[in-house]
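Below is one structure, written out as structure tokens; comments come after it.
The values are calculated or read from the model by the stated rules, or taken from the named source; none is laboratory data. Note that this is a predicted model, so its numbers are computed, not measured. Every residue, glycine as well, gets a Cβ built from its backbone with ideal geometry; the counts of neighbours run over all protein chains shown. Please note that ligands, DNA and RNA were not included when accessible areas were found on the heavy atoms of the full protein model with its side chains. Shrake-Rupley method; radii C 1.70, N 1.55, O 1.52, S 1.80 Å.
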Amino acid sequence: MIYTITLNPAIDRLIKVKGTLSKKRTNRVQQIEYDLGGKGLHVSHVLTKFKIENKALGYIGKTNQPLMENILARKNICHHLLAEDGASTRECIVVLDDTHAGSLMITENGFSVSEENHFKLINFLNQFLTEKDIVIIAGSMPPNYTIAQLLEIINTIKHKKCFIACDLSGEALAAVVDKGINFIKPNQYEVEVLFQNKQTTLIQKMKELTRQIDYVVVSLGKDGSYVAHKDFLYQVTSPTVKEQNDTGAGDVFVGTFIAQLVQGKNLETIMKYATGCSASKVTKQNSTDFDVKEAESYFSSISIKKLGSDDYVIS
Ligand code: TA6
């Protein structure tokens, strides 16, 4: 089984305005749509689309639970989310306009999770995880959730010997990297923060990270990604597409990467699907849609350069 954990889920409120979004002007709304939000839940959606059994774990607020449950049902997300009394799942506002120049995201902070629900999550992991499982933890931490609580989750999963993938940032990313996990996907700025701006190249930093982490993906946005695995580093370019909304593109990358990995595909195929599906997501207006056939049509314009062992050998 694959479990995703979203500690701070969201409801994405997509607001499409007419013309060009501008400050000091009345931006008239053309269309509003609610979509699934939160990185782990997005990964669950991708896995579900690839018909891979998975369960979404984490927390949701009771106050707007019906709206969230409705979105989860619409997206076919199998879940065991713990509901928090007197709390609302945060809204993440994504504003789009007619210019195809990218989206604007304004996100609420989320709610504080009770000790009780944290322990319920730990108990669930203790009770159900087995060595064969994969756990993906993605997204920001709720307010007041401590690094110690995050590490308690990581230690519980590590104790069960599961494959652990994390799409975290800042302090949370640094803490899990120190523990040694199996997959991370920071962007280049998050890598710099990890090394506190140490004067080494990005490639040297990735090399360092692969000492403790099996798959290190550094996303470079429209410029593609670097993927490091074992002794080698791959430079992957992204196809040029007409952008509608890049929200969720990174989550589609992570979900597709894991989906291909569990299907036993080779790394080149994994990288092509992850890059292609993520590019397809960018062409869609909401936060979750992507098209696998469209992704495959991009394959010929995705280049994967394997940097030789001279460039990147682990000493
Ligand atoms: O990656 C996209 C997304 O999951 C949005 O749907 C939105 O809810 C946001 O990210 C939340 O990001 P955060 O880092 O705050 O968990």
Residues of the range 274-293 that turn out to be open to solvent by 40 Å² or more (accessible area, probe 1.4 Å) and free of Cβ contacts under 8 Å to residues at least 60 places away in the same chain, as a count: 4
Hits in the range 87-122 - residues which are within 15 Å of residue 284 (Cα to Cα) and within 12 Å of the ligand (Cβ to nearest atom): 94, 103
Selection within the range 33-47 - buried (at least 19 other Cβ atoms within 10 Å of the Cβ) and either within 16 Å of residue 98 (Cβ to Cβ) or within 12 Å of the ligand (Cβ to nearest atom) (or both): 35, 36, 37, 38, 39, 40, 41, 42, 43, 44, 45, 46
Within the range 3-32, tally of residues that are open to solvent by less than 10 Å² (accessible area, probe 1.4 Å) and more than 16 Å from the ligand (Cβ to nearest atom): 1
Residue within the range 59-73 that is within 12 Å of the ligand (Cβ to nearest atom), open to solvent by less than 70 Å² (accessible area, probe 1.4 Å), under 23 Å from residue 273 (Cβ atoms) and touching an Asp or Glu at 6+ places or on another chain (Cβ under 9 Å) present: no
Exclusive hit being farther than 22 Å from residue 1 by Cα and in contact (Cβ under 8 Å) with a residue 40 or more places away in the chain, set 256, 240: 240
